[in-house]
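Contents: one structure, followed by commentary.
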Amino acid sequence: MQGWKLFRIFAAELLSTTSRMKKNLDTICIHGGWKPAKGEPQQMPICQSTTFKYETSEQMARLFDLKDNGYFYTRLANPTNDAVAKKIAALEGGVGAVLTSSGQAANFYAVFNICEAGDHFITSNTIYGGTFNLFAVTMKKLGIECTFVDPDWDDERIEKEFRPNTKCFFGETISNPGGNVFDIERFARMAHKHQIPLIVDNTFATPINCRPFEWGADIVTHSTTKYMDGHATQVGGAVVDSGNFDWDAYGEKFPGLTTPDESYHGLTYTKQFGKLAYTTKLVSQLMRDLGSIPAPQNSFLLNLGLETLHLRMARHCENAQKVAEWLEKNPRVSWVNYAGLPSNKYYKLAQKYMPNGTCGVIAFGLKGTRQDAIRFMDNLDFISIVTHVADARTCVLHPASHTHRQMSDEQLLEAGVAPDLIRLSVGIEAVDDIIADLQQAMDKM
Ligand SMILES: *Cc1c(COP(=O)(O)O)cnc(C)c1O
C-alpha cells in the first residue's frame with residue numbers, strides 16, 4: 001500500500017503536509033490525515049496490527065536508531081493512529097500531534113514531557129476534576145509540584161508564583177464543568193515572559209471554535225472522548241505541538257529536549273528534529289516507556305466523529321444558546337453560567353476567542369436544596385444522567401455528587417464548582433424537545 005508511505009511520524013514531510021493544508025477547517029475535518037492513492041480505500045483503513053514486516057535485519061536496526069522512517073511496533077507508531085493525529089494537528093494548525101489512550105494520558109504526557117522530579121508548574125485552578133487530581137496528587141508523588149492559581153487574580157499576584165524551576169503554565173480554554181473562559185493571550189504573554197510554554201486543554205472549544213496557537217499557546221491537549229468523537233464510542237486523547245516554542249533559547253530549563261538522551265544513543269531532540277523535537281521525544285521516550293496508545297480501532301471511530309465535528313459544534317452551540325436563554329428566564333433557576341449569555345462574566349472573553357460560539361455545556365443551579373437538584377435529574381425523560389459530557393445526546397451530571405465527590409466543598413468552590421451546580425451538556429437533538437424535557441422534569445419537582 002503506497003499510501004502508507006505518507007504516514008511516518010518522524011518524517012519531515014509531516015511539516016510540509018500540514019502546512020500545505022491551508023484549507024478551511026470544514027474540509028480538513030473530512031480530508032485531513034488520509035489521502036488515498038490510486039486504488040486505495042476511500043475510507044481510512046484500520047491497521048489493527050501490532051507489528052510491521054521488514055526484509056533485512058539492517059532495515060529494522062536503522063528504524064530503532066531513528067535513522068530511517070517507518071513503522072515497526074504500534075506502541076510507537078501505527079498508520080491509523082498517525083493519520084488521525086495528523087488530522088488533529090492540521091485542525092489545530094500544529095506541526096505534529098500524538099494520540100493517547102485517554103485525555104488524562106494526554107495531559108500527563110504534555111506536562112511530563114518537559115517536567116521531571118524537582119520541577120514545578122502552574123495551572124489555573126478551574127480545571128477538570130480528573131486533571132486536578134493528576135496534578136495535585138499523582139504528579140506530586142513523582143516529585144513534580146504544581147501551584148494552582150485563580151485566573152481572575154491580577155498579573156502581579158500570579159507572577160509571584162513563578163519560580164526558577166517552573167516549567168510550564170496550564171489552563172482549559174473553557175473549563176469543565178464551570179464554563180470559565182481562559183484568557184489565552186494573557187497567559188501566553190505571562191508564560192513567555194518567564195521563558196516557559198503555555199499548555200491549553202482545548203477539549204470543550206475544539207479547534208472548530210478556538211485555535212489556541214493563534215493566541216500564543218504552545219501546546220494543545222484534548223480529551224478526544226468528548227466533542228471530537230461526539231458519539232460516546234471511545235476514550236482517547238491528543239497532544240498537539242505548535243512547533244513555536246524555542247526550547248534551545250532556554251536550553252538549561254529543558255535539558256530533556258536540548259541535551260543528549262542516554263536512552264537514545266546520545267541523540268539531542270532539538271538538534272535532530274527541530275520543530276518536531278517535543279512530539280518526537282513524547283513518542284520515542286514516553287510512549288516507548290509508558291505506553292498509553294489508542295487502539296487503531298478507536299482511532300478509526302474517533303475519525304468518523306471528526307468528519308462531522310464542524311457540523312455538530314455549530315448545532316451544539318445553537319441549541320445551547322437557546323437552552324441557556326430559556327434557563328435564564330426560568331423562575332426555578334437560581335443562576336446560569338454560559339459564556340454565550342451577554343450577562344455572563346466571560347461573555348467578552350468568549351466573544352474574543354470564540355466568536356462563532358463556545359460549546360454545548362451549560363452550568364446552572366436550581367432554587368431549592370441539593371435533593372431538589374437530584375429529583376429534577378431523576379425526572380428527566382430522554383436526557384440521561386451520565387458521567388460523560390460533550391456528546392450528541394443531551395446529558396446531565398451533578399458534579400458534587402458524581403465526578404467531584406472526592407473534593408471538599410472548599411476545593412469545589414476553589415475549582416469554580418458550586419455544590420448546587422448541574423452540568424447540562426446540550427446535544428444535537430431538536431432544541432424544542434430538549435426544553436420540553438427540562439420543563440416537564442421541573443414541573444414534577
Ligand atoms: C474529560 C476531560 C479530560 C479527561 O479526559 P478522558 O478522556 O476522560 O481521560 C481532560 N480534560 C477535560 C477538559 C475533560 O473534559
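Mind jotting down the distance between the C-alpha centroids of region 264-287 and region 303-360, whole Å?
When both Cα centres are located, 39 Å separates them.
What spacing in nm lies between the two simple spin-label points modelled at ALA61 and GLU252, each 7 Å away from Cα in the Cβ direction?
Distance between the two pseudo-spin positions: 4.0 nm.
Modelling each spin label as a point 7 Å along the Cα-to-Cβ direction, I'd like the HIS265/TRP153 distance in nm, to one decimal.
About 4.7 nm, to one decimal.
Rounded to the nearest 500, what is the chain's calculated 222 nm mean residue ellipticity when only DSSP H runs of at least 4 contribute -39500 (n - 2.57) each, over all residues? Working shown, then result.
On the way: 18 runs with 152 residues, N = 445.
Taking each H run of at least 4 residues, the total per residue is -9500 deg cm²/dmol.
Identify the residues of region 303-339 with backbone N under 13 Å of a label point that sits 7 angstrom from the Cα of ASP432 along the Cα-to-Cβ direction, or state none.
No residues fall inside that zone.
If I model a spin label as a point 7 Å beyond the Cα along the Cα-Cβ vector, how far apart are those points for MET445 and THR138 in nm?
Here the answer is 3.6 nm between the modelled labels.
Give me the orientation-averaged projected area of the Cα convex hull of region 310-443, in nm², one decimal. Please report the intermediate quantities before stating the final value.
Working: hull surface 31.6 nm².
Projected area, direction-averaged: 7.9 nm².
Could you give the length gained by full extension between TYR54 and ARG189, i.e. 0.36 nm per residue of separation minus their alpha carbon distance, to one decimal place?
Details: separation 135, 0.36 × 135 = 48.60 nm, distance 4.78 nm.
Length gained, TYR54 through ARG189: 43.8 nm.
As a test of the definition: which semi-axes, in Å, follow for the chain when you take the square root of five times each eigenvalue of its alpha carbon gyration tensor? Largest first, please. Before the final figure, lay out each step's value.
Working: eigenvalues 283, 136, 66 Å².
Square roots of five times the eigenvalues give 38, 26, 18 Å.
Over the Cα atoms of region 253-356, each weighted equally, I'd like the Debye log10 I(q)/I(0) at q = 0.23 Å⁻¹, rounded to two decimals.
-1.11
Find the relative contact order for the chain and round it to a whole percent, using C-alpha pairs within less than 8 Å whose residues are 6+ positions apart. Mind showing how you got there, number by number?
Details: 880 pairs, mean separation 70.0, N = 445.
Computed over the chain, the figure is 16 percent.
When every alpha-carbon pair in region 138-190 is counted, what percent end up more than 17 Å apart? Before the final figure, lay out the partial values.
On the way: 597 of 1378 pairs.
Here the long-distance tail beyond 17 Å is 43 percent of all Cα pairs in region 138-190.
Roughly speaking, what is the centre-to-centre gap between region 141-172 and region 204-218 when only Cα atoms are used, to the nearest Å?
If we compute the Cα centre of each part, the gap is 21 Å.
Beta carbons within 10 angstrom, averaged per residue: use that to sort the peptides 398-409, 34-45, highest first.
Working: 398-409: 16.0, 34-45: 13.2.
So the order, starting with the most tightly packed, is 398-409, 34-45.
Evaluated at 10 °C with a viscosity of 1.306 mPa s, what Stokes-Einstein diffusion coefficient in µm²/s does region 311-353 have when Rh comes from the Kirkwood expression over alpha-carbon pairs?
On the way: Rh = 11.0 Å.
This corresponds to a translational diffusion coefficient of 144 µm²/s.
Every number in this text was worked out from the coordinates using simple rules, so none of it is lab data. In this text the structure is predicted, and so the values were computed from the model without any measurement. Note: ideal-geometry Cβ built from the backbone for every residue, glycine included; neighbour counts use all protein chains shown.
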